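What follows is one structure encoded as structure tokens, with my remarks underneath.
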Amino acid sequence: MALYYVMALGASVCYSLQFVCMKFYQRHVKNNLFTSLVFGAVVMAISGIVILILNAVLRRALYLTFTPFTLIVAAGLALVTVLSTVVGIAVMKKGKLSVYSNFTMLGGMALPFVFGLAFMGEKMTVWKVVGMAVMALSLFLAMRDGKGEEQVKGTVLFYLLCFAQFTLNGSASIFSAVQANAETVFGQEVTDVFDFVIWSRIFTVGISAVMFGIAAGAMHSQKEELLAVKEVFGKKATLPLIGYAIVSLAGLLLAMSCMGEGRLDASSLYPITTGGTIVLSAVFGRILFKEKITPYMAVCLLLTVAASVAFMF
């Protein structure tokens with residue numbers, strides 16, 4: 001079991017680096033719908049190629065398997081991933097990394113936590129109740145942290161986007177948990193984690209391409225916005241883009257490998273990865289972007305760590 005806790009912490013590192021890569025990326029690319037969709041498609045294409053290579057090396061063959069259930073779940077994950085990318089890049093320019101990442105990761109914890117208890121037969125404990133209450137307090141403090149900061153432009157819009165990301169990231173975690181526990185909990189036949197991730201990447205690229213085409217057709221008069229897509233492939237944007245693809249893939253593989261029979265349940269895994277990601281995101285934000293850790297945020301981080309520990313019991 002200790003190995004799975006280590007893997008969960010490894011996923012936390014990957015998820016926090018994911019925020020860092022996106023922050024670097026948005027500094028060099030104009031923020032609009034077109035660049036967001038292309039970013040998502042390119043990221044998924046890169047990570048898809050990487051996992052295809054890993055799949056070929058481990059299996060010594062190039063082939064994909066699928067089941068109807070896996071395709072449905074992969075398509076659902078792809079849809080919320082595309083929407084999350086669009087919202088994520090939009091919100092990055094309107095507030096602090098530590099506040100945004102707090103909302104995002106708490107959504108990734110709270111929704112699968114509730115889903116696991118309601119639909120996957122996971123057990124509620126006193127410590128998990130305490131952990132959830134402390135996490136809720138942490139979220140409130142994160143909201144208070146942004147008030148009065150010059151970095152937050154359009155506070156209402158910023159928090160609306162944060163809550164949207166809260167829901168989208170939570171939904172993505174639910175889809176991953178459903179796939180990982182499909183056979184033992186839902187009695188559904190599924191593929192292994194590699195095939196599932198590859199299918200989700202294929203769907204993501206397809207959905208991004210369709211949305212891009214629709215947006216381009218509806219906004220054909222805004223040529224300047226459309227031409228901004230070339231910035232995605234600029235030298236300064238390429239490195240964080242590739243980095244995002246790799247760390248997001250590694251985080252997903254580590255998290256999904258922690259779940260299943262005899263491993264961590266969703267109501268334990270996601271609070272652990274959430275706490276680690278929130279703390280590391282704040283640290284990286286301070287070191288790399290000189291973001292101030294306010295008294296509110298310092299208390300928030302301490303509460304997050306305490307809540308994450310509580311969820312282990």
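Readers should treat all values here as calculations from the given coordinates under stated rules, not as data from a laboratory. Computed from a prediction, not measured in an experiment: that's the story for all the values here. Glycine also receives a Cβ, built like all others from the backbone with ideal geometry; neighbour counts cover every protein chain displayed.
Spin-label pair residue 126-residue 290: with each label point 7 Å from Cα along the Cα-Cβ axis, the two points sit 4.9 nm from one another.
Over 25 Å apart at the Cα level, from the set 128/292; 235/292; 223/290; 30/235, are 128/292; 235/292; 223/290.
Helix-only arithmetic for the chain: the sum of -39500 (n - 2.57) across DSSP H runs with n ≥ 4, divided by the residue total, places the mean residue ellipticity at 222 nm at -26500 deg cm²/dmol. When the Cα positions of 254, 181, 238 are compared along the charge dipole of the chain, 238 comes out farthest toward the positive end, with charges on each C-beta of Lys, Arg, Asp and Glu.
For segment 160-198, backbone nitrogen atoms closer than 14 Å to the point 7 Å from residue 64 Cα along Cα-to-C-beta are found at 191-198. Each label was represented as a point 7 Å from its Cα along the Cα-to-Cβ direction; for residue 313 and residue 235 these points are 5.5 nm apart.
With each label modelled as a point 7 angstrom along the Cα→C-beta vector, the residue 306-residue 52 pair spans 4.9 nm. Given DSSP loops and a limit of at most 15 other Cβ atoms within 10 Å, what is the longest stretch of the chain that contains no such trypsin sites (Lys or Arg not before Pro)? Here the longest run is 154-289. Mean-square fluctuations from a GNM of the chain, with a 10 angstrom spring cutoff on Cα atoms, peak among 259, 44, 109 at 259.
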